[in-house]
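Okay, so here's the structure we're looking at.
The values are calculated or read from the model by the stated rules, or taken from the named source; none is laboratory data. None of these values were measured; they are calculated from a predicted model. Cβ placement follows ideal geometry from the backbone for every residue including glycine, while neighbour counts extend to all protein chains displayed.
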There are 2 protein chains.
Amino acid sequence: MPRLVMKFGGTSVADLERIKNAASKVRREVENGFDVIVIVSAMSGKTNELVGWVNQTSPMFDAREYDAIVSSGENVTAGLLALSLQEMGIPARSWQGWQVPLMTTSAHGAARIEEIPTDNLDAKFSEGMQVAVVAGFQGIADDGRITTLGRGGSDTTAVAFAAAFAATRCDIYTDVDGVYTTDPRIEDKARKLDKISYEEMLELASLGAKVLQTRSVELAMRFKVRLRVLSSFEDQTDNSGTLVCDEEEIMENKIVSGVAYSKDEAKMTLVSVADRPGIAAAIFSPLAAAGVNVDMIVQNISEDGRTDMTFSCPTDHVAKAEAAMEAAKASGEINFHGLIADRDVCKVSVVGIGMRSHAGVAAQMFEALSAEGVNIKVITTSEIKVSVLVDRKYMELAVQALHDTFGLETAA
Amino acid sequence: MPRLVMKFGGTSVADLERIKNAASKVRREVENGFDVIVIVSAMSGKTNELVGWVNQTSPMFDAREYDAIVSSGENVTAGLLALSLQEMGIPARSWQGWQVPLMTTSAHGAARIEEIPTDNLDAKFSEGMQVAVVAGFQGIADDGRITTLGRGGSDTTAVAFAAAFAATRCDIYTDVDGVYTTDPRIEDKARKLDKISYEEMLELASLGAKVLQTRSVELAMRFKVRLRVLSSFEDQTDNSGTLVCDEEEIMENKIVSGVAYSKDEAKMTLVSVADRPGIAAAIFSPLAAAGVNVDMIVQNISEDGRTDMTFSCPTDHVAKAEAAMEAAKASGEINFHGLIADRDVCKVSVVGIGMRSHAGVAAQMFEALSAEGVNIKVITTSEIKVSVLVDRKYMELAVQALHDTFGLETAA
């Protein structure tokens with residue numbers, strides 16, 4: 001039998017009615033001839049409740065106990081979904097991480113999957129089990145203690161199972177019906193993509209299109225797992241959702257696939273830094289040590305031995321960044337006249353694998369923004385992405401202008 | 001290090017504050033020099049919530065999934081209590097049933113403990129762990145699936161651990177402060193017992209004094225585990241609560257230790273049954289087959305080849321009993337003129353290991369009841385117990401009269 005992995009997130013199994021709905025989607029795939037491995041999250045809200053209890057009991061908690069406690073939410077959903085499938089006459093059973101066993105490192109709270117031996121599930125499939133419902137987000141370390149995989153762990157679990165069991169596809173059921181050319185709340189001409197490459201999805205995920213966790217897309221790309229994102233709340237056809245796949249599977253491609261944005265960016269400027277060899281390291285090493293996620297970096301030309309250094313980081317890292325810079329100044333490592341934090345900015349990006357073979361995307365982007373009077377503050381580029389930092393008030397305008405200029409409302 | 005087992009029920013770990021309170025009781029025993037094994041129930045209400053979900057999802061549920069789901073409540077408490085102890089600086093860790101492993105039969109939902117290998121916990125104790133917090137009520141079957149032990153499973157878990165680890169004592173923390181000579185709500189002269197024998201406790205437990213589950217007392221008696229019942233909500237001394245122990249450990253003993261009662265009893269009378277050899281079997285075999293718990297049985301003297309047969313059973317078994325008797329009548333197995341169910345009765349019992357060596361207890365009991373005008377409907381006796389069925393309206397009066405006549409308000 002071909003294998004299929006299906007994953008249901010917390011909102012898709014939020015109550016008994018939704019669990020039943022998820023079961024009917026699984027039944028559809030069983031009827032399509034698949035042996036199915038279902039990965040489930042905890043009912044939405046449950047994990048937060050458990051995490052809250054842990055934090056209240058022990059603010060500097062032992063991560064091993066955290067894992068033992070928090071993983072219980074997924075176990076409940078796995079059992080309930082198995083029962084729901086049994087009610088439909090489908091031979092199903094639940095599997096907790098340690099029963100599979102899903103072997104992980106012992107980095108509790110953020111463990112990495114090391115191995116998924118297929119023997120146990122294979123044996124049950126050959127005995128007639130049609131669906132294995134696996135508690136996501138959890139595994140077991142060598143010492144027999146329960147681990148969890150950290151944020152987005154259930155998506156990662158799903159992709160890892162799809163790789164281990166050579167599944168035809170890994171379907172991620174969520175509360176959106178696919179990946180769009182941009183956010184439909186900002187641009188009503190946004191169009192759902194039928195397919196998108198791993199590389200593009202990675203750029204979009206890390207840019208704040210929170211459909212899939214970055215880590216699960218990376219894993220899918222590495223093991224060539226075909227990943228489909230689709231809605232739990234709609235009836236399915238074989239073409240529902242968006243398929244995240246190898247670029248070779250995508251016949252025609254636009255140069256730009258999507259426009260992404262991120263609101264929680266801040267622009268930090270160190271004014272009049274003494275410019276000398278090694279100054280960049282002297283600034284960014286303490287920032288890294290303080291755990292500040294620096295994204296874009298721009299250095300002005302030097303004048304009279306001094307320069308301005310600008311970088312962006314998440315808004316909730318601003319305080320850490322300021323503290324790190326003031327400390328570095330106090331210790332004499334760096335010297336600057338002022339530190340300006342501008343939280344009134346946002347990042348807008350165009351992403352497309354076609355950029356690799358087409359020049360001029362950045363130029364077209366800047367022209368489109370200029371035509372709308374949008375001033376660009378910082379620019380960065382990668383092989384398949386151009387990002388700009390602009391004033392927050394221009395965000396919607398910029399997204400719409402870029403969606404238009406690259407013709408994203410129509411299919412390739 | 002001497003070992004101590006402590007067990008906290010659902011109300012004793014109902015919220016984070018109470019879990020912290022339980023932790024402080026554990027700390028006291030660690031400071032007393034014990035290595036402690038703590039057995040915990042789920043936070044009160046949690047198990048019912050999970051059971052409710054199971055029943056709603058699948059009324060004829062797969063008991064294996066039931067076990068996997070319902071056992072999650074204890075796992076949460078175990079982790080939280082371990083964290084709470086760590087916060088107090090005590091090296092503690094949680095253990096789920098399969099991690100110990102607590103090996104059981106595969107009778108899911110009502111599994112029996114088969115073995116508790118001590119190696120894993122012993123190894124951790126020798127590495128410096130001072131407290132093992134074990135999720136109660138659960139184990140693992142040979143096939144690697146999670147089992148639960150059925151009602152009162154956490155008490156049974158506690159006693160089994162105490163036996164396996166040769167613990168000095170097994171302390172059951174609950175919401176009452178011990179075992180009383182009778183229910184203090186009925187008799188305000190009721191006195192807390194310092195010690196009670198296993199045999200007496202068994203009679204009291206099965207008579208409705210729901211302090212300890214019968215099964216756990218049986219197990220304690222079998223393995224000579226000294227069992228202490230005490231309150232989670234009071235400060236402890238070394239003499240808190242009631243010790244359930246071997247009768248040899250109880251120096252002085254009254255003839256009668258306690259007066260128990262049970263309200264959910266019904267008296268059933270088969271009127272004018274054709275009396276013949278084998279008639280008792282013909283009546284009670286179908287009742288047993290129908291799952292009716294018959295307690296007391298009285299057969300009147302026979303007259304003209306017919307007799308009245310009276311028995312008692314729990315009130316919620318009356319319907320089953322009636323159906324079984326009517327069916328037996330319809331099939332011609334038995335013949336009777338009428339079937340009278342009297343739900344307006346109750347059972348009152350005096351229990352005491354001293355009865356073995358003292359005659360006249362029954363007579364003294366009947367006299368005391370007679371003096372109060374209480375009519376006795378059915379009588380049964382065992383080696384250490386005399387029970388009578390009386391009209392429900394006399395229950396409080398009967399309990400008070402018996403408590404008085406056997407002088408239970410003062411210690412031996």
Of B:ILE196, B:ILE172, B:ILE113, which residue is within 24 Å of B:GLU31 (Cα to Cα), surrounded by 16 or more Cβ atoms within 10 Å (Cβ to Cβ), β-branched (Val, Ile, Thr) and within 20 Å of the chain's Cα centre (by Cα)?
B:ILE172
Out of (1) touching a strand residue (DSSP E or B) at 6+ places or on another chain (Cβ under 7 Å); (2) free of Cβ contacts under 8 Å to residues at least 12 places away in the same chain, the one B:ALA141 does not meet is (2)
List the residue pairs whose Cβ atoms are under 9 Å apart, where the first residue sits in the stretch A:87-102 and is under 17 Å from A:GLY73 (Cα atoms) and modelled with pLDDT under 95, the second is surrounded by fewer than 17 Cβ atoms within 10 Å (Cβ to Cβ) and not basic (Lys, Arg), and the two are 6 or more positions apart or on different chains.
none
Considering only residues that are closer than 23 Å to A:LYS7 by Cα and among the β-branched types (Val, Ile, Thr), which ones fall in the stretch A:164-189?
A:THR168, A:ILE172, A:THR174, A:VAL176, A:VAL179
Taking A:GLU383 as meeting all but one of (1) under 24 Å from A:LEU193 (Cβ atoms); (2) in contact with an Asp or Glu (Cβ under 6 Å, 6 or more places away or on another chain); (3) charged (D, E, K, R), write down the number of the exception.
(2)
In the stretch A:24-79, anything surrounded by 21 or more Cβ atoms within 10 Å (Cβ to Cβ), under 15 Å from B:THR77 (Cβ atoms) and charged (D, E, K, R) is listed as A:GLU65
Being touching a strand residue (DSSP E or B) at 6+ places or on another chain (Cβ under 6 Å) and farther than 17 Å from B:ALA110 by Cβ is the requirement here; does B:GLY79 meet it?
yes
Quick check: is even one residue across the stretch B:356-377 farther than 30 Å from B:ASP275 by Cβ and basic (Lys, Arg)?
yes
Look at B:VAL256 and say whether it is aliphatic (A, V, I, L, M), touching a Gly at 6+ places or on another chain (Cβ under 6 Å) and over 19 Å from B:VAL217 (Cα atoms).
yes
Counting only residues that are touching a residue at least 60 places away in the same chain (Cβ under 8 Å) and polar (S, T, N, Q), give me the strands (runs of 3 or more DSSP E) lying completely in the stretch A:254-336 with at least 1 of them.
A:258-274, A:306-314
For the stretch A:209-224, state whether one or more residues are closer than 20 Å to A:CYS346 by Cα and among the aliphatic types (A, V, I, L, M).
yes
Among the candidates A:GLU265, A:GLU218, residue that is surrounded by fewer than 18 Cβ atoms within 10 Å (Cβ to Cβ) and not polar (S, T, N, Q)
A:GLU218
Could you check the stretch A:1-113 for helices (runs of 4 or more DSSP H) lying wholly inside it with 1 or more residues that are in contact with a Lys or Arg (Cβ under 6 Å, 6 or more places away or on another chain) and facing chain B (nearest Cβ under 9 Å)?
A:63-70, A:72-87
Extreme residue, surrounded by the fewest Cβ atoms within 10 Å (Cβ to Cβ), among residues of the stretch A:119-146 that are touching a helix residue (DSSP H, G or I) at 6+ places or on another chain (Cβ under 6 Å) and away from every other protein chain (no Cβ under 13 Å)
A:GLN130
Yes/no for A:ALA190 being within 16 Å of A:LEU408 (Cα to Cα), not in a strand (DSSP E or B) and not basic (Lys, Arg)
yes
Just wondering, is there one or more residues in the stretch A:158-181 that are touching a Ser or Thr at 6+ places or on another chain (Cβ under 8 Å) and free of Cβ contacts under 8 Å to residues at least 40 places away in the same chain?
no
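Residues in the stretch A:127-162 that are hydroxyl-bearing (Ser, Thr, Tyr) and closer than 21 Å to B:GLU65 by Cβ: how many?
Residues flagged as hydroxyl-bearing (Ser, Thr, Tyr) and closer than 21 Å to B:GLU65 by Cβ within the stretch A:127-162 amount to 2.
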So if I check each of B:LEU149, B:LEU212, B:LEU204, which one is buried (at least 17 other Cβ atoms within 10 Å of the Cβ), of a type outside the set (Gly, Ala, Ser) and out of contact with any helix residue (DSSP H, G or I) (no Cβ under 6 Å at 6 or more places or on another chain)?
B:LEU204
With the checklist (1) touching a helix residue (DSSP H, G or I) at 6+ places or on another chain (Cβ under 8 Å); (2) without any contact (Cβ under 8 Å) to a residue 40 or more places away in the chain; (3) assigned to a helix (DSSP H, G or I) in hand, flag the one item A:VAL374 doesn't pass.
(3)
By residue number, the members of the stretch B:135-169 that are within 23 Å of the chain's Cα centre (by Cα), farther than 27 Å from B:LYS195 by Cα and modelled with pLDDT of 95 or more are B:ALA135, B:GLN138, B:GLY139, B:THR147, B:THR148
If I filter the stretch A:352-368 for residues that are acidic (Asp, Glu) and part of a helix (DSSP H, G or I), do I get at least one hit?
yes
So which residues in the stretch B:142-156 are aliphatic (A, V, I, L, M) and outside any loop (DSSP other than H, G, I, E, B), if there are any at all?
B:ILE146
Across (1) surrounded by 15 or more Cβ atoms within 10 Å (Cβ to Cβ); (2) part of a strand (DSSP E or B), A:ILE340 clears everything bar (1)
If I ask for residues that are closer than 22 Å to B:PHE161 by Cα and buried (at least 18 other Cβ atoms within 10 Å of the Cβ), which ones from the stretch B:6-22 would you list?
B:MET6, B:LYS7, B:PHE8, B:GLY9, B:GLY10, B:SER12, B:VAL13, B:ILE19, B:ALA22
